[in-house]
Ligand code: PEP
Ligand code: MG
């Protein structure tokens, strides 16, 4: 038996046999193009097919996972449509008189190298996305081969590219084009590969490369595939198709040719995890209450209207944080008032009496919006982001507030404002809200006058003056992700800082405690909605502090409820 350790993406155990996945190799060698216009026409047709495939992948992602994961493929669509990418390809075709395949490959390499050279892990991820997009385009080009840009229908194009990067075709692994209970073993996968995995046959995957923050890992988690990434090159050495393998997605451990003791231990663990998820399901409609009667709300964090259904399915008491910026990030243009209204109304109606807290646009830092064409900033995390941006662009802000107030009559809405640092921001927000309400009144549009306004406590400044902020607002929501970043001066996007990130740092805990105490002293509810809210080692501490609500990802709702029901304060 050989044992390897990587990073577990999704907590489940899979037993199967290895299936080696070799990336398809493409012929991208340079040929002299007979006619440049014909090569342009091939490119145009291949683009059309690739766009169609990407849209199919988006629908599949939406059906199987959730809308924010489908955004990965919306991102691919944007990369494919990118003017710089398309112009570079055409330039290469005309300047080098070469075939489109070669031009696409060279253009993608240039852009990927540019992304990688910036030394930013987020942008390095983009370089694998551009390679994925280029590969798709090259495959589509292979099916538009008559040089005239004419072709058969898309269904037959898809057939030509079978086993490769299409929306519909299942992935083909090594020599194993049939068989079940396969565990795919690969150097790395692309997001398209991950979306294409046929879950009836492929139970898990293991990759030598990859990180937990990659789109591949995010998609695998969304599709509930027990994957292990970043296991190292040694794993693939001498590995063959058909070897017995066990993947433990909880710990990131992989066993090749497992001995009987390991098999038994893993079978037991698998049974326990199945029992555990059945046990958790039985808590879906139960209260989150400690053994001695303290009740807390466990709400869900979502990024799209579609995810609200997932939150309900997972037994959430409400939506504690709807990150509305994903509405803005998913399209090329800013969402209109009407589009936003429909989204907010959908969530409110779905949740019924349950409370829905929608956070206003929190753009900036890692979430940049091309449609706003903001000036480049040296330190975007400390820049014109979130509420600062909204206060300097009142029409952008008012559009969102109008949509929110209009939707307020369809449920139980709270509006949450991000990145607050001082009381004057709150008073400015209040007067803009007042303007919006009186405009609606004049127009005869109904809104709920009782709509509560709350603020995120996610800067040390806000926590330290929370005694002055609390009397001004209806509720607090503590964002521990940013509060940690700003308190410890640790860029939350920089993976290499992980060893320095003490998430339980006393300074962060003291700031949380201060904010909770000041909320309670002013009789307003206080929630925690950052990642720390789902850290089981802190649940008791937060309850003892007097936190009213914990808002976590939908999958963490029931485990947290189970933990709370076992606590005695
Ligand atoms: C936070 O900062 O903790 C938070 C919940 O907001 P986001 O992660 O969206 O910045
Ligand atoms: Mg934040």
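Inclusion of residue 305 among residues that are farther than 28 Å from residue 545 by Cβ and touching a helix residue (DSSP H, G or I) at 6+ places or on another chain (Cβ under 9 Å) is warranted.
In the range 416-428, the qualifying residues are those that are in contact with a helix residue (DSSP H, G or I) (Cβ under 9 Å, 6 or more places away or on another chain) and within 16 Å of ligand 2 (Cβ to nearest atom), and the one that is farthest from residue 453 (Cα to Cα) is 421. Yes or no: residue 429 modelled with pLDDT of 95 or more, under 24 Å from the mean Cα position of the chain (by Cα), assigned by TED's automatic domain parsing to the domain that holds residue 529 and crowded, with 21+ Cβ neighbours inside 10 Å? So residue 429 fails the test.
Residues considered: 402, 355, 385. Of these, the only one that is more than 27 Å from residue 79 (Cβ to Cβ), out of contact with any helix residue (DSSP H, G or I) (no Cβ under 9 Å at 6 or more places or on another chain) and either touching a residue at least 24 places away in the same chain (Cβ under 8 Å) or not assigned by TED's automatic domain parsing to the domain that holds residue 327 (or both) is 355.
Just to be sure before I move on: is residue 31 loosely packed, with under 15 Cβ neighbours inside 10 Å and in contact (Cβ under 8 Å) with a residue 12 or more places away in the chain in the structure I sent?
yes
Residue under question is residue 391, and the condition is that it be surrounded by fewer than 19 Cβ atoms within 10 Å (Cβ to Cβ) and either more than 16 Å from ligand 2 (Cβ to nearest atom) or under 24 Å from residue 479 (Cα atoms) (or both); does it hold?
Numbers: surrounded by fewer than 19 Cβ atoms within 10 Å (Cβ to Cβ): yes; either more than 16 Å from ligand 2 (Cβ to nearest atom) or under 24 Å from residue 479 (Cα atoms) (or both): yes.
It is true that residue 391 is surrounded by fewer than 19 Cβ atoms within 10 Å (Cβ to Cβ) and either more than 16 Å from ligand 2 (Cβ to nearest atom) or under 24 Å from residue 479 (Cα atoms) (or both).
Quick check on residue 453: is it more than 16 Å from ligand 1 (Cβ to nearest atom) and touching a helix residue (DSSP H, G or I) at 6+ places or on another chain (Cβ under 7 Å)? Spelling it out, residue 453 is indeed more than 16 Å from ligand 1 (Cβ to nearest atom) and touching a helix residue (DSSP H, G or I) at 6+ places or on another chain (Cβ under 7 Å). Where helices (runs of 4 or more DSSP H) fall entirely within the range 303-400, those with at least 1 residues that are in contact with a strand residue (DSSP E or B) (Cβ under 7 Å, 6 or more places away or on another chain) and modelled with pLDDT of 95 or more are at 337-351, 386-392. The residues listed here are 67, 12; of these, the one that is crowded, with 17+ Cβ neighbours inside 10 Å and modelled with pLDDT of 90 or more is 12.
Quick grid of which residues meet (1) assigned to a loop (DSSP other than H, G, I, E, B); (2) within 23 Å of the chain's Cα centre (by Cα); (3) assigned by TED's automatic domain parsing to the domain that holds residue 98:
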position	(1), (2), (3)
10	yes, yes, no
14	no, no, no
30	yes, no, no
41	no, no, yes
51	no, yes, yes
54	no, yes, yes
62	no, yes, yes
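Return a yes/no flag: does the range 269-282 have any residue that is assigned to a loop (DSSP other than H, G, I, E, B) and out of contact with any helix residue (DSSP H, G or I) (no Cβ under 7 Å at 6 or more places or on another chain). Yes, the conditions are met somewhere in the range 269-282.
Applying the criterion of being part of a helix (DSSP H, G or I) and within 16 Å of ligand 1 (Cβ to nearest atom) to the residues of the range 520-554, the residue that is farthest from the chain's Cα centre (by Cα) is 542. If you filter the range 321-333 down to residues that are farther than 15 Å from residue 74 by Cα and either touching a residue at least 60 places away in the same chain (Cβ under 8 Å) or not assigned by TED's automatic domain parsing to the domain that holds residue 355 (or both), you find that the one that is farthest from ligand 2 (Cβ to nearest atom) is 324.
If the condition is being farther than 14 Å from residue 254 by Cα and modelled with pLDDT of 90 or more, then the range 202-224 contributes only 202.
For every residue, the table says whether it meets (1) buried (at least 23 other Cβ atoms within 10 Å of the Cβ); (2) more than 13 Å from ligand 1 (Cβ to nearest atom).
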{"position": "320", "(1), (2)": "yes, no"}
{"position": "326", "(1), (2)": "no, no"}
{"position": "329", "(1), (2)": "no, no"}
{"position": "332", "(1), (2)": "no, yes"}
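Residues of the range 506-517 include at least one that is farther than 18 Å from residue 467 by Cβ and either more than 29 Å from the chain's Cα centre (by Cα) or more than 16 Å from ligand 1 (Cβ to nearest atom) (or both). Screening the range 470-490 for residues that are within 14 Å of ligand 1 (Cβ to nearest atom) and free of Cβ contacts under 8 Å to residues at least 24 places away in the same chain and picking the one that is nearest to the chain's Cα centre (by Cα) gives 490.
The values are calculated or read from the model by the stated rules, or taken from the named source; none is laboratory data. Here the structure is a predicted model, which is why all the values come from computation and not from measurement. Note that we place each Cβ from the backbone using ideal geometry, even for glycine, and neighbour counts take in every protein chain shown.
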